[in-house]
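Asks: Can you read through this structure? Questions will come right after.
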Amino acid sequence: MLIGHIKEIVRHPVKSFHGESVQKTKVMKYGLYGDRSHAFLDETRPGKYLTITQFPEMALYNARFVGEELIEKFPKVEITTPEGEIFDWEHEELIKQLENKSKRAISPIQYSPSFIPLGAIEEEHLQLVTDASLQKIKEIWGKEVNYRRFRPNLLLTLIEKVPFVEETWFGKRIKIGNEVEIELKRHCERCMIVTVNPDTAEKDATLLKTIVKERNNFFGVYASVIKTGEIHVNDKVSLID
């Protein structure tokens, strides 16, 4: 059953940096190609990553891959800072800037195109939200909502605009385009990251309070990859069981 189309595909080459919107990409066993494949370890918290939770301004650093998506190695990762400077992601000046601003010692870590551990992606392979649910949250909150607050991988536009219908798909599979299949697993429980405006890094706690009160702190859903392949913006999305 056709339920909608892919409106936007977003991957985050560097964990907690502003993601890049792409017209097409590969879906790997771990999720979108290169999603959260590069990160910074927070040396003040051994074994933990530096994220927006500790340093909200991370949301203003734009990360993108420059080059072909190869299985052997990732393309170059280019970072544009809030000030407009452009660096390679491991550049000494960039790391020094992040350390000075966050007041934390950090070290870069990179995974491979064939394997990114679930810990880097957090909960599941993919997170998706729908346009109908976003519109409803906007109405409930009473303010404009940039969907990037929720850091999804896939934004779906639905044929029937039923808010939160995706929450009825748990345990079911959906097909994207001609190849990819994913299984909807469970709710995405939100944290303080949604309070950070991805355009300004300013915080507004009322959005999280609204989601806690009106939605039991759930917004968006997690999915696991069943069949890999390539997806494109405007691909058909069908519920297959």
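The values are calculated or read from the model by the stated rules, or taken from the named source; none is laboratory data. Treat the numbers as computed from the prediction; the structure is a model and nothing was measured. Cβ sites come from the backbone with ideal geometry, for glycine too, and all protein chains shown count toward neighbours. Keep in mind that these areas ignore ligands, DNA and RNA; they rest on the heavy atoms of the full protein, side chains included. Shrake-Rupley method; radii C 1.70, N 1.55, O 1.52, S 1.80 Å.
Asks: Could you check region 112-125 and list, in sequence order, the residues that are open to solvent by less than 50 Å² (accessible area, probe 1.4 Å) and assigned to a loop (DSSP other than H, G, I, E, B)?
Replies: Result: Pro113, Ile116, Pro117, Glu124, His125.
Asks: Based on what the data block shows, is Val66 free of Cβ contacts under 8 Å to residues at least 24 places away in the same chain and surrounded by fewer than 23 Cβ atoms within 10 Å (Cβ to Cβ)?
Replies: Yes.
Asks: For the subset of region 184-225 comprising residues that are among the hydrophobic types (A, V, I, L, M, F, W, C) and touching a Phe, Trp or Tyr at 6+ places or on another chain (Cβ under 7 Å), which member is farthest from Lys172 (Cα to Cα)?
Replies: Of everything passing the filter in region 184-225, Leu207 is farthest from Lys172 (Cα to Cα).
Asks: Related question: Just to verify a result, which residue in region 98-111, among those that are surrounded by fewer than 18 Cβ atoms within 10 Å (Cβ to Cβ) and touching a residue at least 60 places away in the same chain (Cβ under 8 Å), is farthest from Thr44 (Cα to Cα)?
Replies: Ranking the candidates gives Tyr111 first.
Asks: Related question: Does at least one position in region 26-39 carry a residue that is touching an Asp or Glu at 6+ places or on another chain (Cβ under 6 Å), assigned to a strand (DSSP E or B) and farther than 16 Å from Gly119 by Cα?
Replies: Yes, region 26-39 contains at least one residue that is touching an Asp or Glu at 6+ places or on another chain (Cβ under 6 Å), assigned to a strand (DSSP E or B) and farther than 16 Å from Gly119 by Cα.
Asks: Across region 72-97, which residue is nearest to Phe40 (Cα to Cα) among those that are in contact with a helix residue (DSSP H, G or I) (Cβ under 8 Å, 6 or more places away or on another chain) and open to solvent by less than 60 Å² (accessible area, probe 1.4 Å)?
Replies: Out of the qualifying residues, it is Ile79.
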